[in-house]
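Reviewing the structure listed below.
The values are calculated or read from the model by the stated rules, or taken from the named source; none is laboratory data. Here the structure is a predicted model, which means the values were calculated and not measured. No Cβ is skipped: glycine too gets one built from the backbone with ideal geometry, and neighbour counts run over all protein chains shown. SASA here: full protein model, heavy atoms, side chains in, ligands and nucleic acids out. Shrake-Rupley method; radii C 1.70, N 1.55, O 1.52, S 1.80 Å.
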Amino acid sequence: MSQKIGDDTRQTDEHILVCLSAAPSNQKIVDTAARMANALQARFTALYVQTGTKAESMDKEKLEEHIRHAEKLGAEIVMTHGENVPVQIAEYAKLSNVTKIVIGQSNARRNHFWGKATLTEKLIEIVPDIDIHIIPEVVKNNTYPKRPFAWYVEKPSARDYFLTVFIFAVCTFIGLLFQKLNFTDTNIVTIYILGVLLTSIVTDGYLCSVAGSFLSVFLFCFFLTEPRMSFQTYAVGYPVTFLIMLISSVLTGALAAKLKTHAKLSAQLAFRTQVLFDTDRLLQKEKGQKEILGVTCTQLIRLLNRNITAYVVEDGTLSEGKLFSGEKNDTEEFLTPEEQKVARWTYENRQRAGATTHHFPKAKCLYLAIWSGNNVYGVIGIPLQKETLDSFEYSILLSVINECALAMENAQNAMEKEKNAVLAKNEQLRADLLRAISHDLRTPLCSISGNADMLLSNSGRLDESTKHQIYTDIYDDSEWLIGVVENLLSITRLNDGRLKFKFTVQLLDEVIAESLRHISRKHDAYKIVADCEELVLARMDVRLIIQVLVNLIDNAIKYTPLGSIICIRGKKTDGKAQVSVEDNGPGIPEEMKPHIFEMFYTGKTTIADSHRSLGLGLALCHSIIEAHDGTLTLTDHDPHGCNFTFTLPLSEVTLNE
């Protein structure tokens, strides 16, 4: 699993590769590589090359212990397979841009059939341009402990024994038939070699194929050579034939078994690649952490054929567990308080816990943390009773959990980015508001202050008409300021959720008439017409709907020339109450229409008076209508002008009628 080393952030291009093995001193080698990666702030990878030999099965437990130790230290676990271990290590190092390889070197030389070079010496020869750090293995008396041969042998099953006997019985029968047909001994020998090959294919391990090699020589000698039913032969060349037949059978069986093993490893690798590809593809479609966790658990059920328990981190705490299962039985035994306690310990310590570990070994599940960097996103639990996960299952489990961690990290980053964008937008709104207040409210305030000062200083020298004009200007400016403050307070309360709605059933024509009484005195210069159907009952907060109508009518007055016609219409349509405010002014440019309901958007349209709009009115109207489950839209009025239309829910009384 790819993780950070300690709490440092990688800043270099260094890549440390440590080679895993079942050797007793491999843990020391992994520790050395981890310290090196931590000091260099480098990427850290632990590689194990599967060779398909019996020694792997024998050392499985020790190897898995070293794999888990490397994972705990933050290494990315990688597994590959092949007979030539140095070549596999070198190829991976080249493809992954490894800069340093850490490997063990014992004092004993390991002799091979084809030469005396050790793995370390071969690796140095293949990749001379990569730094190779050799950690001496401490072995007492300069020798490795010898193991009984039986440790390397995989015990055949009863099925394997039966198939071996059956195949060679058939080969003997065919041999007898060939003799009746006067076939040469060469053809009969070929049949037995074919039998050895079939035995290697249909049975597990090497033992049956090797035993079949000796059995084929025994059967050929006993049943098919003269004198029969004995191990004596009069032919001079038969001993040589037996020897060649034995060597050919052994080599054929060994090669077939080896090919079968490598075919199995290749199939596992292909399956692992396909599963990771499918997992990555499915995770990319999900955005939330719970959805990502669900996909991961579904894939793990497919992989391991087991129930999966999962915990996700919400608001800094581990949530209650959830069981993902393909079966309907035993759904509660993995979510007991004891199991949740182990999951919580795994979350807090970022370490494996539960079954097959040293921490809470009596738990029914193996728990693994889903984490990346310094963040833990959840915990996965895999039920394990007496069985354990083999190296292949564990490596693919880590890979899937790593994919899940990366997906959750990306999802969290996207959420953080979205939150930051909202914060930035709110900050921008605050800045726009302060700028609008400082620039746009100063004009009417200065006008009020100046006119009031003139009245105080020169009241006796001003005629009545001049005083009346000054009073009118002060009143208009005050009304404008009151409207701005009213809109600002309303939209602030609405955004904060503090604006309380009081829904009642009202006659639409009465609401329109009441809103006209709140229109500024300047409406006298315009022709305002109200046209509403009778007995249209709508459910609304009457105070806020009047504010919407006042804003829309004031907006029409501001942006249309004197003498314009403003028409307010109300009617029932499509099961809703519909109100429209039409004017025959110059209209709104096309490039401004997508932004008119945005807060603080004022555009470039000039206003007849000296007051600039703060861009709050239409944004407030839009929010209020949405809170009434209605819509507010803008269309062009024929032949010119604007038509603002909003809808309200009809009352049930009207609908029942």
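Over the stretch 247-351, give the accessible area per residue in Å² for a 1.4 Å probe, as an integer.
Working: 5950 Å² over 105 residues.
Heavy-atom accessible area per residue stands at 57 Å².
Go through the stretch 619-632 residue by residue and turn each phi into a ³J(HN,Hα) via Karplus (6.51, -1.76, 1.60, θ = phi - 60°); whole Hz please, and just put x for glycine and proline.
Values, residue by residue: 4, 5, 4, 4, 5, 5, 5, 4, 5, 8, 6, x, 10, 10 Hz.
Report the net charge of residues surrounding residue 47, where surrounding means a beta-carbon distance below 11 angstrom and charges are Lys +1, Arg +1, Asp -1, Glu -1.
On the way: positive: none; negative: 76, 91.
Around residue 47, the surrounding residues sum to -2.
Quick one: which residues, 5+ away or cross-chain, put their amide H under 5 Å from the amide H of residue 587? H built at 1.01 Å from N.
It is 641, 642, by chain and number.
Which order do 454, 408 take when ranked by solvent-accessible area (1.4 Å probe, heavy atoms of all protein chains), largest first? Kindly include the intermediate steps, with their values, before the conclusion.
On the way: 454 80, 408 0 Å².
Per-residue accessible area, sorted high to low, gives 454, 408.
How much accessible area does residue 186 have with a 1.4 Å probe, in Å² rounded to the nearest 10?
We get 90 Å² for residue 186.
Which residues' amide hydrogens lie under 5 Å from the amide hydrogen of residue 541, considering only partners 5 or more residues apart or on another chain, with H built in the peptide plane?
So residue 541 has HN proximity to 504.
Do any GluC sites (Glu not before Pro) in the stretch 284-354 lie in a loop, going by DSSP, with at most 16 other beta-carbon atoms within 10 Å of their beta carbon, and if so which?
Values: sites: 286, 291, 314, 320, 327, 332, 333, 338, 339, 348; in loops: 286, 320, 327, 332, 333.
Qualifying residues, ordered by number: 320, 327, 332, 333.
For residue 81, enumerate residues with amide H under 5 Å from its amide H, sequence gap 5+ or separate chain, H modeled in the peptide plane.
Here the answer is 50, since their amide H atoms fall under 5 Å of that of residue 81.
Under 13 Å from the Cα of residue 502, which aspartates and glutamates turn up, not counting those fewer than eight places away in the same chain?
541
Label the stretch 549-603 by shape, choosing from rounded, prolate and oblate, from the square roots a ≥ b ≥ c of the eigenvalues of the Cα gyration tensor; if a/c is under 1.5 it is rounded, and otherwise prolate applies when a/b is larger than b/c, oblate when it is not.
Values: a/c = 2.07, a/b = 1.28, b/c = 1.61.
Because a/c hits 1.5 or more and a/b fails to exceed b/c, the stretch 549-603 counts as oblate.
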